[in-house]
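The structure appears below as structure tokens.
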Amino acid sequence: MNTNASRTVPAVPLRGGAVFPGGVTTISIGRKRSLKAAQAAYDHNSDILILVQFDPEIENPKTEDLAPVGILATVRDLMRAPQEGVQMLVELKRRVRLTGVVKELPYLVTRYVEMGEASDGRPTKLMAHSIALLEEYAHMLGEVNRQVLANLRAKPTAGRLADYMAGLLNMPLDLEIELLKKVDGEDRLTHVVRYLEQELEIAEIRTQIQSDARDSAEKAQRDYLLREQMKVIRKELGDDSETVLDEMRRKILDAEMPEQVQKRALKETERLERQGEQSADSAIIRTYLEWLIELPWSKLSEDNLDVDHVRTVLDEDHYGLLDVKDRIVEYVAVRKLAGSNMRGAIINLNGPPGVGKTSIAQSVARAMGREMARISLGGVRDEAEIRGHRRTYIGALPGRILRALRDVQTRNPVIVLDEIDKVGSDWRGDPSSALLEVLDPQQNSEFTDHYLELPFDLSQVIFITTSNEISTIPAPLLDRMETITMTGYIEDEKVQIAQQYLLPKQLRDHGVADYDIEFEEAALRKLIRHYTYEAGVRQFERQIGTMVRKVAVRIARGEPDPFVITPNDVEEHLGMERFQYGLAEEESEVGVVTGLAVVGPSSDTLSIEVRLSEGSGKLSLTGSLGDVMKESAHTALTYARANARQYHINPHLFDRVNIHIHVPAGAQPKDGPSAGIALTTAIISAFTNRPVRRDIAMTGEVTLRGKVLPIGGLKAKTIAALRAGISTAIFPKGNARDIPELPDQVRADLKLVPVAHVDDVLEMALLEPIGKPFGWELLQKENDSFGIIPDKPANPGRPVRA
């Protein structure tokens, strides 16, 4: 046969599959062109070329759309089926190579050349292995056909066997095309064997999965039947005890859940019953149901709405704190009148450590007869701590809010959210954002925890949050809370707290309450002034405890009471004094002013010194001053220079002297604008040689126009002034509204002078000059007329007040 001679025959392209030589098969024909080609080949008793197209979506394929190798076949019959269309029965002969399309209409006519066959031997082992694989594969699929197996064994060569097996298997199209192109029979059979091995591995895995699933289903069915049989047996024996699921259903109905929650709980119970106890999800569902049952959906503590009783309890536990006590009494009064329509209060107590923020919350709960739960938020960074974890996580739990309610078993407790200003945030979320819903009276009636995924009513809870610094609380969260500021205690308040609360508590805690032990008031004041430095009383209580333990040692040695603790005993047992507080200056001096400042947790007086020396106008600032305080010093100097003639200062002098401003206690950082009027007064005092009154202390921010602006911490500063022996405190007129909130002792013993301008400060604080103004001799040497500047103002429209 001349393999190089080309011939033309009708062609039928196949979509989605290929055929292989060596057998008779039927091909479904759907396209009109293919039907005409089959009919022409059948009518003329000629051959037909069976081709494979790469893309089954192409309706009229070109040469490049067809596989380069096809099967030359003879049409034996054309059959028409009612549902399957036209079926073409063909005898598949041999492979030929497609060389091109001759014409496309009315049907596809192609040209081909013979390929020739490579050597096709009979590798016995390979053929036997391939037949064994196919037989095993057929057994796995349950499609064993003995006739097919007999035909396999009858194939004489590897190529014939490979073509027959490829026709039986459902191979990928690209692999079928690859087998069509190969002329080496042994190579074709090797590819078929590889495919069969892969399919066997997949079939084994699929069979194993089906077997495991069947075993699991059978076990679940067996367990269910056994449980049902056990129910019947218990019933026949008269054993009416509840099953676990029956007990759970009863508890769900007894929990008085809202309708939505009860419906969800019963649905989960049914799901648990279907799953069975051995299911992986049964433990998760059971834990979820237990949480639903244990939460206090409808349990409420009965409030004690006796206003006088509430106030009495609060006074028994805490001294002072009138703002907090008044707010709680107001809440109780409104609750008494409004009934259950009154929502819970949301209060933020802000103040330094040790002033009683957390303990007052305990007193509120005791006074109203409510349970109390405390949740520490310091360092919390995970939103799930508030809202809980979703049930998909291993070990998931509700958030701290619902856990606290579960512990107290009531839905109207007092919940203390401690250190709310120290909540952090990172990639796990922002807990402060989750708290927005908890602390919003308009939203917390339907608080939804991620674990429960059901609304819980928090509207009857009294939330009391505590903080040391408001500036670190996000603004939206702060806006939802009513903030009450708790400032530090004055010395007299600490003495009263010690005598009424701390000392009796320490005596009880150390087992010496039955002995006659007395602390002199002077000893308590020595402890406050020289052994503690705080706004609250936490360190103070520790020092009292130390002294009580010293007495306990004496009692244990057999010494008889009474025991009186004096200031000398304090120094003997606690050692040298650890802290010093500011005192008024011993005498009135030039350039020395007593300021008032809040230093760390407490407040104190602050000496400000100004000294002048010959130089070139340089300003030096020392004493660990912060940027804001340095700016205040520059502002004070600029004001003094701009208004020099008004205060009888030669303006030229500012360029001929160096100015040094120093604030003692250099190891203590100092900052803030409230020393403005003190700096201004000290500078003008140094230039005019007028002493500053030693019995006056001052605080206030100053502007370039000499206005005195309001400051913060007036209560703490006036307390420090009174303690230092100051008789007059000067402060901004804008802070006059704070005077009613000052302690009674401060208002009685301290003269409070509000001022609006620096001139008012100077008029009160400066005494008469004690000599010639500074720099008089210096200016005389330079022939600069100094002397007394005429009493003529620099601004004719403004009167001089010097």
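Taking the highest mean first, how do the peptides 549-560, 376-387 order by number of other beta carbon atoms within 10 angstrom per residue?
On the way: 549-560: 12.4, 376-387: 19.0.
Going by the mean number of other Cβ atoms within 10 Å, highest first, we get 376-387, 549-560.
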Task: Percent of Cα-Cα distances greater than 19 Å, calculated over the range 18-89 - done: 36
Task: Proximal aspartates and glutamates to K299, defined as alpha-carbon separation beneath 17 angstrom and excluding residues fewer than eight positions away on the same chain - done: D254, E256, E259, E290, E371, D407, E446, D457
- [ ] Set Lys and Arg Cβ to +1 and Asp and Glu Cβ to -1, take the dipole of the chain about its Cα centre, and tell me which of V755, M368, Q500 lies farthest positive.
- [x] V755
Open item on the list: Show me, for the range 17-24, the HN-Hα J-couplings you get by feeding each phi into the Karplus relation (A = 6.51, B = -1.76, C = 1.60, θ = phi - 60°), rounded to Hz, glycine and proline as x.
Closed with: x, 9, 10, 10, x, x, x, 10
Task: With eigenvalues of the C-alpha gyration tensor scaled by 5 and rooted, the range 281-389, Å - done: 32, 21, 12
- [ ] Send over the Kirkwood Rh of the range 573-704, from the inverse of the averaged 1/r over different Cα pairs, rounded to one decimal Å.
- [x] 15.3
- [ ] Quick one: what are the phi-derived ³J(HN,Hα) couplings along the range 322-333, Karplus 6.51/-1.76/1.60 with θ = phi - 60°, whole Hz, x for glycine and proline?
- [x] 5, 4, 5, 4, 4, 5, 5, 4, 4, 4, 5, 5
TODO: Using DSSP to define loop residues, name the trypsin sites (Lys or Arg not before Pro) in the range 600-661 whose beta-carbon has at most 13 other beta-carbon atoms within 10 Å.
DONE: K618
TODO: Mind grabbing the base-10 log of I(q)/I(0) for the range 380-473 at q = 0.20 Å⁻¹? Debye formula, identical points on the C-alpha positions, no solvent, two decimal places.
DONE: -1.03
- [ ] Please work out, to two decimal places, the log10 of the ratio I(q)/I(0) at q = 0.12 Å⁻¹ from a Debye calculation in which every Cα of the range 509-645 carries one identical scatterer.
- [x] -0.68
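How large a share of the accessible area of the chain, in percent, is made up of carbon and sulfur atoms when the probe is 1.4 Å and the other protein chains stay in place? Please report the intermediate quantities before stating the final value.
Numbers: 19500 of 40310 Å².
So the carbon and sulfur contribution to the accessible surface is 48 percent.
Mind jotting down a quarter of the surface of the convex hull over the alpha carbons of the range 179-222, in square nanometres, one decimal? Could you put the intermediate results ahead of the total?
On the way: hull surface 14.2 nm².
Over every viewing direction, the Cα hull of the range 179-222 projects on average to 3.6 nm².
Compute the signed sum of charges (Lys and Arg +1, Asp and Glu -1) over the other residues within less than 11 Å, Cβ to Cβ, of E609.
Details: positive: R611; negative: E585, E589.
Cβ neighbours under 11 Å give a net charge of -1.
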TODO: Based on a Kirkwood Rh over C-alpha pairs, give the Stokes-Einstein translational diffusion coefficient of the range 370-422 at 20 °C and viscosity 1.002 mPa s in µm²/s.
DONE: 180
Task: Amide H partners (placed H, <5 Å) of I565, local residues excluded - done: E518, F519, E520
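Rounded if a/c is under 1.5, else prolate if a/b is larger than b/c, else oblate: which is the range 480-519, with a ≥ b ≥ c the root eigenvalues of its Cα gyration tensor?
Values: a/c = 5.97, a/b = 2.24, b/c = 2.67.
In terms of gyration-tensor shape, oblate.
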Task: Solvent-free Debye scattering, log10 I(q)/I(0), computed from the Cα coordinates of the range 449-533 at q = 0.23 Å⁻¹ - done: -1.15
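So what is the diffusion coefficient of the chain in µm² per second by Stokes-Einstein at 20 °C and 1.002 mPa s, using a Kirkwood Rh over Cα pairs? Working shown, then result.
Working: Rh = 37.5 Å.
Value of D from the Cα-based Kirkwood radius: 57 µm²/s.
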Task: Measure of compaction for the range 1-129 (Cα Rg per 2.2 N^0.38 Å) - done: 1.10
Task: Only Lys, Arg (+1) and Asp, Glu (-1) charged, at Cβ; the chain dipole about Cα centre in debye - done: 2540
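Note down, for the range 297-338, the three equivalent ellipsoid semi-axes (square root of 5 times each alpha carbon gyration tensor eigenvalue), biggest first, whole angstrom. Don't skip to the answer; put the middle values down first.
Values: eigenvalues 91, 28, 18 Å².
They are 21, 12, 9 Å, listed largest first.
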Open item on the list: Restricting to lysines 8 or more places apart or on different chains, can you count the pairs in the range 156-272 with Cα atoms under 29 Å from each other?
Closed with: 11
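Please state, as a whole number in µm²/s, the translational diffusion coefficient that the Stokes-Einstein equation yields for the range 631-728 at 20 °C and 1.002 mPa s, with Rh defined as the Kirkwood radius across alpha carbon pairs. The partial results should precede the final answer.
Values: Rh = 14.7 Å.
For the chosen part, D equals 146 µm²/s.
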Task: For the range 416-572, alpha-carbon Rg and Dmax in angstrom - done: 23.0, 66
TODO: Measure nothing but the geometry: give the 0 to 90° angle between the long axis through the Cα atoms of 244-254 and the longest principal axis through the Cα atoms of the chain, rounded to 10°.
DONE: 50
TODO: Pull up the cross-link candidates among the lysines for K715, meaning alpha carbon to alpha carbon under 27 Å and not fewer than 8 places away within one chain.
DONE: K325, K357, K422, K494, K526, K630, K670, K707, K733, K751
- [ ] Under 17 Å between C-alpha atoms is the cut-off here; go through the range 1-129 and count lysine pairs that meet it, provided they're at least eight residues apart or on different chains.
- [x] 4
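Roughly what % of Cα-Cα distances in the range 618-686 sit above 21 Å, to the whole percent? Working shown, then result.
Working: 523 of 2346 pairs.
The proportion of pairs with Cα distances above 21 Å equals 22 percent.
What's the long-distance tail for the range 494-586, i.e. % of Cα pairs beyond 15 Å? If you can, show how the numbers build up before the last one.
Numbers: 2503 of 4278 pairs.
I get 59 percent for the Cα pairs in the range 494-586 exceeding 15 Å.
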Task: Among beta bridges that DSSP assigns inside the chain, antiparallel share in %, nearest 5 - done: 60
Task: Residue-normalised accessible area of the chain, expressed per residue, 1.4 Å probe, Å² - done: 50
Task: Size-normalised alpha-carbon gyration radius of the range 307-457, reference 2.2 N^0.38 Å - done: 1.11
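The values are calculated or read from the model by the stated rules, or taken from the named source; none is laboratory data. These numbers were taken from a predicted model, which means no experiment stands behind them. Note: ideal-geometry Cβ built from the backbone for every residue, glycine included; neighbour counts use all protein chains shown. These accessible areas exclude ligands, DNA and RNA; they are computed on the full protein's heavy atoms, side chains included. Shrake-Rupley method; radii C 1.70, N 1.55, O 1.52, S 1.80 Å.
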